[in-house]
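Everything on this sheet refers to the single structure shown next.
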Amino acid sequence: MPKRPNTHPDFRIELSKSGLIVGVDEAGRGPWAGPVVAGAAILNPATLPRDLIEGLDDSKKLKAEKREALLMRLQQTDAVIGVGVASVAEIDNLNILQATMLAMGRAVADLGVTPDYALIDGNRVPQGLPCKAEAVVKGDSLSLSIAAASIVAKVNRDHMMAELDQQYPGYGWARNAGYGTKAHQEGLKSIGVCVEHRKSFAPIRKMLSPDDS
């Protein structure tokens, strides 16, 4: 598909396909702790309210309050939403890329319906999907379905990290979502590594084995 200037996602890619089109995206590939979470969203271009057409966007471009409001609004429509999670153990066992693909497949399975075509944010397509699929680079800025999925993934992961912050206080996860911020680094220095840290990630691995180069 040729590149085109685009300041906001739309339904052009979806409308070039037929049947039920699902957008899929993930949140949490980069953090040092917590699961990776994928979202899947099937939107109906004929019925999606105007405020969502105008409001949905790449989750990274939106503030937390806006993401929360958009997801709540999305749940009031006929959109079909799925969430998939891959655990820290799966991330460490498989690697973050394969764990992300696993979470994406689980998000599609969680829809409760079988889509006809999947639009996957990024440059890789998970194996084993129940439908044809294509990777869409920067898809969350191009496709409304992927943008919706990015919000589903981000909001759900943020909620999970806030819950984990209650179980493992001191790292600031409710605020930093497990990313390697100063507060998180200070928590690691004073408390150490916990079970929700990704031990395969270099900063954590280095803390566990400081003598390893």
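Just give me the residues in the stretch 119-160 being among the hydroxyl-bearing types (Ser, Thr, Tyr) and assigned to a helix (DSSP H, G or I), in sequence order.
If the condition is that a residue be among the hydroxyl-bearing types (Ser, Thr, Tyr) and assigned to a helix (DSSP H, G or I), then 141, 145, 150 are the ones that fit.
Residue count for the stretch 112-125 satisfying the condition of being surrounded by 20 or more Cβ atoms within 10 Å (Cβ to Cβ) and over 14 Å from the mean Cα position of the chain (by Cα): 2. Does residue 30 satisfy the criteria of being more than 19 Å from residue 13 (Cα to Cα) and small (Gly, Ala, Ser)? So residue 30 passes the test.
Listed by first and then second residue, the pairs with beta-carbon distance under 8 Å, at least 6 apart or on different chains, first residue in the stretch 105-120 and under 15 Å from residue 153 (Cβ atoms), second of a type in the set (Lys, Arg) and part of a loop (DSSP other than H, G, I, E, B), form an empty list. Residue under question is residue 154, and the condition is that it be modelled with pLDDT of 95 or more and either buried (at least 16 other Cβ atoms within 10 Å of the Cβ) or polar (S, T, N, Q) (or both); does it hold? Here the answer is yes, as residue 154 does meet what is asked. Filtered by the rule that a residue be under 13 Å from residue 34 (Cα atoms) and outside any loop (DSSP other than H, G, I, E, B), the stretch 176-213 gives 176, 184, 197, 204. Taken over the stretch 92-104, the criterion of being touching a residue at least 60 places away in the same chain (Cβ under 8 Å) and surrounded by 15 or more Cβ atoms within 10 Å (Cβ to Cβ) is satisfied by 92, 96, 99, 100, 103, 104. When residue 89 is tested against (1) under 28 Å from residue 46 (Cβ atoms); (2) exposed (fewer than 15 other Cβ atoms within 10 Å of the Cβ); (3) among the small types (Gly, Ala, Ser), only condition (1) is not met.
Mind checking which residues of the stretch 158-206 are more than 21 Å from the chain's Cα centre (by Cα) and within 20 Å of residue 85 (Cβ to Cβ)? Matches in the stretch 158-206: 166, 167, 168, 171, 194, 195, 204.
Of everything in the stretch 168-182 that's out of contact with any helix residue (DSSP H, G or I) (no Cβ under 6 Å at 6 or more places or on another chain) and free of Cβ contacts under 8 Å to residues at least 24 places away in the same chain, which residue is surrounded by the fewest Cβ atoms within 10 Å (Cβ to Cβ)? Top of the filtered list is 182.
The values are calculated or read from the model by the stated rules, or taken from the named source; none is laboratory data. Remember, it's a predicted structure, so these values are computed and weren't measured experimentally. Here the Cβ is made from the backbone with ideal geometry for all residues, glycine too, and neighbour counts use every protein chain on show.
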